[in-house]
Amino acid sequence: MTQTVARLMQSPADFSAKAVTLRGWARTLRASRNVGFIELNDGSCMQNVQVVFDPAALYAKPTTGAAIEVRGEVRLTPDAPQPLEVAADEVVVIGDCPPSYPLQKKRHTLEFLRTMPHLRMRTNTLGAVFRLRSLLAFAVHRFFMERGFVHVHTPILTARDCEGAGALFTVTALEPDALDADRAGGFDFEKDFFRARASLTVSGQLDAEAFALCYSRVYTFGPTFRAERSNTARHASEFWMIEPEIAFADLDDDMDLAEEMVRCLIGDALEKAPDEMAFFDRFIQEGLMERLGGILGSDFVRITYTRAIEILSKSGRRFEYPVEWGCDLQTEHERYLTEEVFNRPVFVTDFPRDIKAFYMRANPDGRTVAAMDLLVPGVGEIIGGSQREEREDLLSARMAELGMDPQAYAGYLDLRRFGGAPHAGYGLGFERMLMYVTGMKNIRDVIPYPRTPGCIDS
Ligand code: 4AD
Ligand code: MG
């Protein structure tokens, strides 16, 4: 019967002396005249199973990377690191793999592996990352579903710029020469597919807000797009965001939810992916599991932006970007706060309104808004959120101040008139969360096919 490696490893005793068939890929292979060993991996779990074969009995000798089928008998190996091996009666090569296969048995740098996104998940590191990614995506849905949230699919094509940062990818159905012909007089989007300027969404928040003002607790989890030119280890042009939105809630409720979610996701990673987490701990970031485990039991820090600026100014540290009230926090500031001052996750709240988006609720002081960012060691910001401005007059005034077209946001303003209520939400960058949980240092190594400035091959 065809089995998976995962099933064999889960209960080795059940398979003792049993005949099994396995299909997978030869991760490594070595053979002497009398005996050969294949490390077979079928993707069902991180572990390989060792296949012992008689080289003389084989029709075709498999090579590293080949797709193979193995039929043989399970032998328990209580004295070996692996609980069992398979003594092969037959090894069939399903798909050959020539010596030019780039993933021969030696260590490859992550940079080298990025040049082959179609193959790199076959390595231990990327294999573990993408399995964890899958597990955490499921954990996100479970977290919200268990708490009565409704999952909303917000659109990817949109005419609104939620963040107002101008980092939009414009979407057009026109051919490049049609666009060219029009360039002289400024492009007239009336002629385009949607008769308006359309772009890829930077956030599902504005649409999620509408659903929160009906279902009370909703979330969206989907791809978002930003045409930021920043070529850093934490920015991607296409990334996935988890955005809950809750009604009858303020900024404290928002942070409570975020904290509970981050803890729950870490707990799931440690519990449901022990092999992968042990691997990251050993090869990617020493002490990772202990650090993450420590977070499960301690509260996150909560400080205001004003306090954060005070701490940074008094630190005596020379930052590349100087610190003064009103400036946006840079990665170096974020990491100083979370790694060196507090050594755990830190919420920074109540940012100056001028560096934040239009929808954030004005604080009584008139110069800050009810915003929060969650900073974590090793990464910096992983969450950005806020209480939303539910007072129509204040929201309209702010939009006018920023030169926004009220027509384009008529529905959004309606939400403040028709049964409006205080509400709040946040966005968790899924890749940033994965970097935090795996210890991986570059966002390109936690997303299957990274899109970054100048890079969309494959
Ligand atoms: O702080 P941001 O821009 O917040 C929003 O988009 C809000 N509309 C969310 C909300 O309140 N519903 O982005 C949220 C998170 C950031 O904290 C970061 O983790 C991630 O999204 N993020 C990116 N991740 C990877 N690459 C990029 N270019 C990112 N930009 C933001
Ligand atoms: Mg942000």
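Computed quantities for the displayed model
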{"item": "About the Cα centre, charge dipole magnitude for the range 209-287 (Lys/Arg +1, Asp/Glu -1 at Cβ), debye", "result": "440"}
{"item": "Debye intensity ratio in log₁₀ form over the Cα atoms of the range 125-279, taken at each q of 0.13 Å⁻¹", "result": "-0.77"}
{"item": "Zero-based 5 Å bins, Cα pair distances in the range 1-54, whole percents", "result": "4, 20, 28, 25, 16, 6, 1"}
{"item": "Around L415: net Lys/Arg minus Asp/Glu count, Cβ-Cβ under 13 Å", "result": "-3"}
{"item": "For G380, distant residues with modelled amide H under 5 Å away", "result": "none"}
{"item": "Cβ crowding within 10 Å averaged over residues, with 154-160, 197-203 ranked highest first", "result": "197-203, 154-160"}
{"item": "Global form of the range 105-160, assessed from the alpha-carbon gyration tensor, a/c cut-off 1.5", "result": "oblate"}
{"item": "Size of charge dipole - the chain - debye, nearest 20, with Cβ of Lys, Arg +1 and Asp, Glu -1, no other charges", "result": "1400"}
{"item": "Overall form of the range 35-83 per C-alpha gyration tensor (a/c, 1.5; a/b vs b/c)", "result": "oblate"}
{"item": "Likely footprinting exposure, W325, W240, fewest C-beta neighbours within 10 Å first", "result": "W325, W240"}
{"item": "Shape category assigned to the range 283-426 from the gyration tensor of Cα positions, a/c cut at 1.5", "result": "prolate"}
{"item": "The range 130-181 and the range 106-120: distance between their alpha carbon centers, rounded to Å", "result": "27"}
{"item": "Out-of-range pairs (alpha-carbon distance over 32 Å; input K61/K441; K272/K441; K105/K272; K18/K106; K18/K272; K356/K441)", "result": "K61/K441; K18/K106"}
{"item": "Net +/- balance of residues flanking F211 in space, Cβ distance below 10 Å, scoring K and R +1, D and E -1", "result": "-2"}
{"item": "Helical mean residue ellipticity (222 nm; -39500 (n - 2.57) per DSSP H run of 4+; nearest 500) of the chain", "result": "-8500 deg cm²/dmol"}
{"item": "Sorted largest first, extent of the range 73-141 alpha carbons per principal axis (Å)", "result": "38, 37, 24"}
{"item": "Computed log₁₀ I(q)/I(0) - Debye formula, equal Cα scatterers, no solvent, the range 348-458, q 0.11, 0.19, 0.22 Å⁻¹", "result": "-0.51, -0.97, -1.09"}
{"item": "Equivalent ellipsoid semi-axes - Cα gyration tensor, the chain, angstrom", "result": "48, 26, 21"}
{"item": "For T304, distant residues with modelled amide H under 5 Å away", "result": "T349"}
{"item": "Zero-based 10 Å bins, Cα pair distances in the range 213-254, whole percents", "result": "24, 35, 27, 14"}
{"item": "Positive minus negative residues near G65 (Lys, Arg vs Asp, Glu; Cβ under 11 Å)", "result": "+2"}
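Read-outs throughout are calculated quantities, based only on the coordinates presented, and are distinct from any laboratory measurement. Bear in mind the structure is a predicted one, so any value in this text is a computation, not a measurement. Using ideal geometry, Cβ is built from the backbone for each residue, glycine included, and neighbour counts are taken over all protein chains shown.
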